[in-house]
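What follows is a set of notes on a single structure, which appears directly below.
The values are calculated or read from the model by the stated rules, or taken from the named source; none is laboratory data. Here the structure is a predicted model, which is why all the values come from computation and not from measurement. Here the Cβ positions follow ideal geometry from the backbone for every residue, glycine too, while neighbour counts run over all protein chains shown.
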Amino acid sequence: MRAQRKHVLAATVAVAASAALAVGTGLGFAETAPTAGSVCAGSVTFSAEGGAPAATSDRFPAGTRLRVTNLDNGRAATVTVTGPSGSCVLLNATAMDLVREPGKNVIRNNRVELVAEGDVPVGENRPGSARPAMTPPGGATGAAPARSVCSGAITFFAENAPPAATSDRFPVGTRLRVTNLDNGRAATVTVTGPSGSCVLLNAAAMDLIREPGKNLVRRNVVERVG
């Protein structure tokens, strides 16, 4: 009789643990691996840049073509990487409009596929390999400023919450100080979950540091403070 009770108790604990994991995954915090067939992990968001559908990336060089699919509605867009950013793939506004759900600024359930290589030899910058330096329009280097733990432009996602950030590099609970070098404004934020960027601010954090009317912080320093 005692043995049966032990088995029942163990099964109950296992079910509860499975349920907790399922809830965590649904919120986007328990699973950070890419979707099957995807070359990027985490959510996909966008910058306020217009023009033809395009993207920027911290992993793929200019000229790379990527196909981004929103798995919630089946809509897809093939975009060309035009320069560096702080995300594996950061769509511009036009590309985002092709794939997003109405009123949503983040695509959590997505697949990003490599369609064509960019301006480097095949195999030189596959996902997971060393990332080569990229040169954005104007000839400026895409390297991070001295002492910064992230490179590329910083943008945000539309979340109604206190200042915070998500990251593909730092675990939940990490504290990062983000400084806009154009105006000297800074914000210290806590990482609350995964994304496709080294640091992706939420709207409240972005409002603390951005220039009026700008949705990208190109010149920045990101420091790990805790």
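Miscellaneous remarks
- Condition met for ARG67 (charged (D, E, K, R), surrounded by fewer than 19 Cβ atoms within 10 Å (Cβ to Cβ) and at pLDDT below 90): no
- Matching residues, region 172-226, being part of a loop (DSSP other than H, G, I, E, B) and of a type in the set (A, V, I, L, M, F, W, C): VAL172, LEU181, CYS198, VAL199, LEU216, VAL225
- Number of the exception - LEU176 against (1) closer than 28 Å to SER38 by Cα; (2) touching a helix residue (DSSP H, G or I) at 6+ places or on another chain (Cβ under 7 Å): (2)
- Some residue of region 155-163 being at negative phi, modelled with pLDDT of 90 or more and buried (at least 21 other Cβ atoms within 10 Å of the Cβ): no
- Region 40-77, residues that are over 20 Å from VAL199 (Cβ atoms) and either touching a helix residue (DSSP H, G or I) at 6+ places or on another chain (Cβ under 9 Å) or not assigned by TED's automatic domain parsing to the domain that holds LEU98 (or both): GLY50, GLY51, ALA52, PRO53, ALA54, VAL68, THR69, ASN70, ASN73, ARG75, ALA76, ALA77
- Within region 95-119, residues that are in a helix (DSSP H, G or I) sit with their Cβ atoms under 8 Å from residues that are aromatic (Phe, Trp, Tyr) and surrounded by 17 or more Cβ atoms within 10 Å (Cβ to Cβ), at 6+ positions apart or across chains, in these pairs: ALA95/PHE46; MET96/PHE46.
- Check on THR35, surrounded by 10 or more Cβ atoms within 10 Å (Cβ to Cβ) and modelled with pLDDT of 90 or more: no
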